[in-house]
1. Can you tell me which of A:I26, A:I51 is among the aliphatic types (A, V, I, L, M), part of a helix (DSSP H, G or I) and open to solvent by 40 Å² or more (accessible area, probe 1.4 Å)?
2. If B:A58 passes every condition in (1) under 17 Å from the mean Cα position of the chain (by Cα); (2) open to solvent by 10 Å² or more (accessible area, probe 1.4 Å) but one, which one does it miss?
3. For the stretch B:85-97, give me each residue that is open to solvent by less than 10 Å² (accessible area, probe 1.4 Å) and at the interface with chain A (Cβ under 8 Å from one of its Cβ atoms).
4. Please find, within the stretch B:206-221, the residue that is farthest from B:L186 (Cα to Cα) out of those that are within 12 Å of ligand 1 (Cβ to nearest atom) and either modelled with pLDDT under 90 or open to solvent by 30 Å² or more (accessible area, probe 1.4 Å) (or both).
5. Kindly provide the set of residues from the stretch A:174-217 that are among the small types (G, A, S) and more than 14 Å from chain B (Cβ to nearest Cβ), ordered by number.
6. Would you mention how many residues in the stretch A:13-39 are in contact (Cβ under 8 Å) with a residue 60 or more places away in the chain and either aliphatic (A, V, I, L, M) or farther than 22 Å from A:G267 by Cβ (or both)?
7. Quick one: in the stretch B:1-22, which of the residues that are in a strand (DSSP E or B) and under 20 Å from B:T229 (Cβ atoms) is farthest from ligand 2 (Cβ to nearest atom)?
8. For the stretch B:39-56, enumerate the residues that are more than 11 Å from B:V19 (Cα to Cα), assigned to a loop (DSSP other than H, G, I, E, B) and more than 8 Å from ligand 1 (Cβ to nearest atom).
Amino acid sequence: MSDASVPAKPPAEFLADGARWRWAEIAFWLAATLPYFVAQDYLQLAGQVLITGLFAMSLDLILGYAGVVSLGHAAFFGLGAYACGVASKWGWGEPITGLLIGGAFAGIVGYGASFIVSRFKGLALIMITLGLNQLVAEAANSAHGLTGGADGLQGVHTWDLLGYFHFDLYGVTAFWYILAVVFACFLLTRRMVHSPFGLALRGIRENSTRMVAIGAANRAHIRKAFVIAAFMAGVAGALLTETTETVSLETLSFQRSADVLVMLILGGVGQLYGGVVGAAIYMVARDRFSDVNPQYWYFWIGLLLIAVVVFLPNGIVGGLKKLGGYLGRAGR
Amino acid sequence: MTAALLAKGLDKRFGSLVVAGGISFELPVGERCALIGPNGAGKTTLINLLTGMLTPDAGEIVLNGEDISRAPPARRVRKGLARTFQINSLFPKLNPLEATTLAVCERRGETGDFLGRLAARRDAVDEAYDILKSLRLDGVCRRETRELAYGQQRLLEIALALATQPKVLLLDEPAAGVPKEDSGELFQVIDGLSRQLTLLFIEHDMDVVFRFASRILVMVGGRLLLEGTPAEIANDARVREVYLGSAGHG
Ligand SMILES: Nc1ncnc2c1ncn2[C@@H]1O[C@H](COP(=O)(O)OP(=O)(O)OP(=O)(O)O)[C@@H](O)[C@H]1O
Ligand SMILES: [Mg+2]
C-alpha cells in the first residue's frame, strides 16, 4: 500500500495537498456552464438546480462539517427570499445588494437562533430547528400585509444587473448570474473547509467531547458556522426571488427543509460537492419523472435515497471519489 | 511554593453511591504521581471532577494557585490542565497530523480563522509534527486515525493532550489494553516528558507504578485511603490487603 521507498511529504505540504484543486473539480464547474451551450431550453431548470445546490451546500456546512442536524434550514432560505423581495417591492431592486440584504437578514435571525441551537444535540436539535422553521413560516403567513401571505409576494422587480444586463425572458442573464454567485459562494465554502476553522468543525463532528478536552470552544464554533450557513441559505433564497420576481410561502416550508436534507444525503454529506450534485440529481429526476408519472415520482426518490444510504455511506460524491481512487490506482 | 494542582474536599455521589468522598490532595510541580485503586474505586471519576467533565457536589480545585472550581472544562484546558482518556476518545476520520494541529491551533486561538489556509499555519503544523515525532508517530501521522494500530492510538491520546501545552497532565490508564511487554516502552516515553510537567497517572500494573512514580495515591471506594512514596505504599499493610491482595495481580 504505502510505498516506503518514496520519502513522505513534509507535513505542511501534505496538508496543502489535501486542499489542492483537482481536475475533476475544474471539469465539474466547466460542465456547469454547459446548459447555456447545449440545452438553452433548460436554462431555468439549471438555474433552479444551482440555487438549490447552494442552499444544500449551506446545510452541508453545519451538517456535514459540524455535525449539526437541522430540519428547519428552509427558514433561512425563506427569510432571505422575503427580505430581498420586500426590499425590491419597496423600491430597491438592485440585485447584488439584494443578495446581501437577503443573506444579512437570514444571518441575523440565524445569529439569534444559534444561541439555542449550539446548546443541543441529536433529536432535541432536530425538533428545535423544525420548530423554528414552523415558527418563521407561520409568522410569514400571518404577516399578510408585508409578505402577501398565501398569495405570495407580488410586485418584486429586479433591476438590470450592474445597470447593464437585463434579466431576459429566456433566462440567459439569470443563468450566468446564478452560476457566478453560486460559484463565488462555493469558493468561500471551499476556503472555509480547508481553514483552521473548517478543521475545528470536523473535529466537533468527529468527537465533540475530545474537542472540549483540547480546550475548544465548541459552542462558539457552532454558532459561527450556523450564522454563515444561515447567511448562505439567505443568499440562495434571495437569488430565487431576484430571478423569479416572486416569493411564495413554499420558500420557507417544512417540505423544502426536508427536501434539501434528502438532496444533501443523496449527494453526500461533508463532501463539499454533495449539495450541488444531490440537487442536480433530485431536481432533474423530479423534472423527468413528473412528466411520466407525476404522482409517483417520490416513490423513485424514496428508493434512490434508501439505496444510497445503504450502499454509499458517503453519498454519490463519496462513491465517485472512491471509484476515482480505484481507477487512479489501477491506472498506475 | 504553590502546588501545581490542589484538590480540597471533593465530593460526588451518583444517587446513593459515593464515588468521591472528601478527596483532598496536593501535587507539587514536576511530581510524577500514580493514582491506584481497584476497579470501580472512582479514579476516572476523580479525573472527570478535576477536569470539569463532571461537577462535584462540593469541594475546590486550585490550579497553580488559581481557583478553577467553577471554570468550564475547555477553560481549564486552556489554563493548563489536560487529560487523556481510559477508552480512546480520538477523531477517527482525521489523521494524527490534522488532529494534533487542531489541538495546537485551538491553544493558539487560531481556529476562528475561516478564510486562511490551514497548511499556511506552518508553525502550528510543525509544532504538531514535532510532538508526533517525539511520540514516534511521525511515520503514521498521514493516515486516518481509525486505521492506526491500537498502541499508536494510545500514543495519539497523549499527543493531543501535549499539544495543549499542559502544566498538569492527567493520564487515565495510558497503557490500558496495551500488551504488558509494550507498556514499559510507553511509560518510558511518558517518563521522558518535560520535568516541568506535573503528572498524575492511573495505572494498575504495580511494577510500572513503582518504577515511574515518585508518589502514590491509593483510592478505594471513592476515598483516598492513603498517600506516600512508593516504599511507604509497598510496605503498608492496608494497601496489601485492599489493593495488592485482591486486584493487584488479577
Ligand atoms: N455516570 C455515572 N453514573 C453512575 N455511576 C457511575 C457513573 N460513572 C461511574 N459510575 C460508577 O462510579 C464508580 C467509579 O467509577 P470509575 O469509572 O471512576 O472507576 P475507576 O476507578 O476508574 O475504575 P476502573 O479501574 O475500572 O477504570 C463505579 O462504581 C461506576 O460504576
Ligand atoms: Mg477508570
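1. On the way: A:I51 fails: open to solvent by 40 Å² or more (accessible area, probe 1.4 Å).
The conditions single out A:I26.
2. Condition not satisfied by B:A58: (1).
3. Going through the stretch B:85-97, the residues open to solvent by less than 10 Å² (accessible area, probe 1.4 Å) turn out to be B:91, B:94, B:96-97.
Selection gives B:F91, B:L94, B:L97.
4. B:G221
5. Kept after step one, since they are among the small types (G, A, S), are these residues of the stretch A:174-217: A:174, A:180, A:184, A:195, A:198, A:200, A:203, A:208, A:213, A:215-217.
Matches in the stretch A:174-217: A:A174, A:A180.
6. Residues flagged as in contact (Cβ under 8 Å) with a residue 60 or more places away in the chain and either aliphatic (A, V, I, L, M) or farther than 22 Å from A:G267 by Cβ (or both) within the stretch A:13-39 amount to 4.
7. Going residue by residue through the stretch B:1-22, those that are in a strand (DSSP E or B) are B:5-14, B:17-22.
Filter once more, keeping what is under 20 Å from B:T229 (Cβ atoms): B:5-7.
Working: B:L5: 18, B:L6: 22, B:A7: 17 Å.
Once the filter is applied, the top-ranked residue is B:L6.
8. Start the filter on the stretch B:39-56 by keeping residues that are more than 11 Å from B:V19 (Cα to Cα), which leaves B:39, B:47-48, B:50-55.
Then drop every residue that is not assigned to a loop (DSSP other than H, G, I, E, B), which leaves B:39, B:52-55.
The answer is B:G52, B:M53, B:T55.
The values are calculated or read from the model by the stated rules, or taken from the named source; none is laboratory data. Keep in mind the model is a prediction, meaning the values are calculated, not measured. Ideal geometry is used to build each Cβ from the backbone, glycine not excepted, and the neighbour counts take in all protein chains shown. These area figures cover heavy atoms from the full protein model, side chains too; ligands, DNA and RNA do not enter into them. Shrake-Rupley method; radii C 1.70, N 1.55, O 1.52, S 1.80 Å.
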